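Data block below; observations after.
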Amino acid sequence: MASLGVHFMLTPEQDRLLTRAADDDTARMAVVKTLGGPETLETDKAWDAIHRCLTDGTLTIDGGDDPLAHAVLGGQQLYESDDSFVSHITADQVAATAAALQPLNKDWLLTRYRRLSATDYDGPYDDDDFVYTWDNLVELRDFFDRAARQRRSVIFTVDM
């Protein structure tokens, strides 16, 4: 998949703005477009393999168990179109996800990564891709840890 994934930590005010936007896609996307800065993590294309490894190997929003399923595509779906996707997890969900990510190590990920060969994963699926996936998972784990310590909610976006 040639899409780019980005995680954003939300300030309480940004979180309130998203909540106020309720079912207004235009208002939600207006808030999303204001996000950026040091509270951002780009997982580039690695988000796909990371999500699959943390869940049941599929690229679905309901595959796998929480809290690991919340790390990428899980949580409340705020927006979905042919070319973008936005999901939101609360500060409590962030804390649970951060705790679930902490014990994961390279061997655990390699076992899960090897299972991708039996799925529709269309990444390169080689040693370089595994290292790329691992490096991005380490950064994602650190990002969730920082967000949990700050009691921040997180959104994940994908632009196709």
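Values as computed for the structure displayed
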| item | result |
| --- | --- |
| Percent carbon-and-sulfur accessible area, segment 11-157, ignoring ligands, DNA and RNA, probe 1.4 Å | 47 |
| Cβ-Cβ FRET estimate between residue 11 and residue 126, R0 fixed at 45 Å, reported to 0.05 | 0.70 |
| Stretch gain in nm, segment residue 150-residue 30, where the contour uses 0.36 nm per residue and the Cα spacing is subtracted | 40.8 nm |
| Tail fraction, Cα-Cα pairs, segment 57-160, threshold 23 Å, whole percent | 29 |
| Loop-located trypsin sites (Lys or Arg not before Pro) in segment 106-156, at most 14 other Cβ atoms within 10 Å (DSSP) | 151 |
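The values are calculated or read from the model by the stated rules, or taken from the named source; none is laboratory data. Because the structure is predicted, anything quoted here is derived from the model rather than measured. Using ideal geometry, Cβ is built from the backbone for each residue, glycine included, and neighbour counts are taken over all protein chains shown. Heads up: the accessible areas ignore ligands, DNA and RNA and are worked out on the full protein's heavy atoms, side chains in. Shrake-Rupley method; radii C 1.70, N 1.55, O 1.52, S 1.80 Å.
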